[in-house]
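What follows is one structure encoded as structure tokens, with my remarks underneath.
The values are calculated or read from the model by the stated rules, or taken from the named source; none is laboratory data. Since this is a predicted model, take the numbers as computed values, not measurements. Every residue, glycine among them, receives a Cβ derived from its backbone with ideal geometry; neighbour counts consider all protein chains shown.
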Amino acid sequence: MRIAVLLLALILPASDAFSADRTLVFAAASMKDAVEAVARAYEDRTGNPVVVSVASSGVLARQIEAGAPADVFIAANPDWMDYLEDRNLIDAGSRTDIAGNTLVVVSRGDAEKPSGDPEGILRSGRFAMGDPAHVPAGVYARQALSGLGLWEDLRPQAALGENVRIAMALAARGDVAFAVVYGSDSKLNDSLTVVYTFPQESHAPIVYPAALTPSADDDARAFYAFLRTEAAKGALTPFGFTPPAGSGM
């Protein structure tokens, strides 16, 4: 088996994502468009390539734990960053919160929109959300619904997605009537409209912590510095993100 793996490594060309001459960023799925825009701006300025790989924060953290060669990790909540920090898999001194977000319910623009509280809305049809087992958006959604006393009653109606973008896609296609997603996600699809915004006090503050991994080289550190500067200047705001709680940004 070991010989077979070595032969495959010799035969197969290296992919861009695992090439040594690039900075590899692991980013929460909801950050895809914003981080890719910052990466393009950095490449245009420096000529140094940046590859952005997106998935749910839990999936990415597990991949880093398994040895994936990420240089930068951006999570959609502190828990998965804490998970890696506890295992000495990030550079703790580089950790910072770069953005915040809101939690909303969306539906297709051509669908009939019930009005009122989230109970009246979500009881009227099946809805999608991130899987709270490993998707931060799902964790926040469960917190919000639990805080409102609705989670146990509404749970059977929930379609749990592998990340928040999948939940949004289910609503956009009409596979479900609604989706609980981030406010930033609602700006990415013109076919979706926001029908409810959860009060911020109904869930933990939504923050996006970012950090370097211990293996990050000088190029990765330069990109990370650029990302932090751009975030502080408001580069993530057009994508629907808010300043992180308590940042003063």
Within the stretch 202-221, does at least one residue satisfy the condition of being assigned to a helix (DSSP H, G or I), acidic (D, E) and modelled with pLDDT under 95?
no
Tell me which residues, restricted to the stretch 222-237, are of a type outside the set (V, I, T), free of Cβ contacts under 8 Å to residues at least 24 places away in the same chain and under 19 Å from N48 (Cα atoms).
A225
Taking the stretch 54-90 and keeping only residues that are assigned to a loop (DSSP other than H, G, I, E, B) and aliphatic (A, V, I, L, M), one is left with A66, A68, A70, A75, A76, L89, I90
Unmet requirement for S184, which otherwise passes all of (1) surrounded by fewer than 24 Cβ atoms within 10 Å (Cβ to Cβ); (2) out of contact with any strand residue (DSSP E or B) (no Cβ under 6 Å at 6 or more places or on another chain); (3) closer than 15 Å to V105 by Cα
(1)
Residues of the stretch 222-240 being aliphatic (A, V, I, L, M) and part of a helix (DSSP H, G or I), in sequence order, are A222, A225, L227, A231, A232
Of (1) of a type in the set (D, E); (2) modelled with pLDDT of 95 or more; (3) loosely packed, with under 15 Cβ neighbours inside 10 Å, E230 satisfies every one except (3)
Surrounded by fewer than 17 Cβ atoms within 10 Å (Cβ to Cβ), in the same structural domain as E85 (by TED's automatic domain parsing) and among the hydroxyl-bearing types (S, T, Y): does that describe S215?
yes
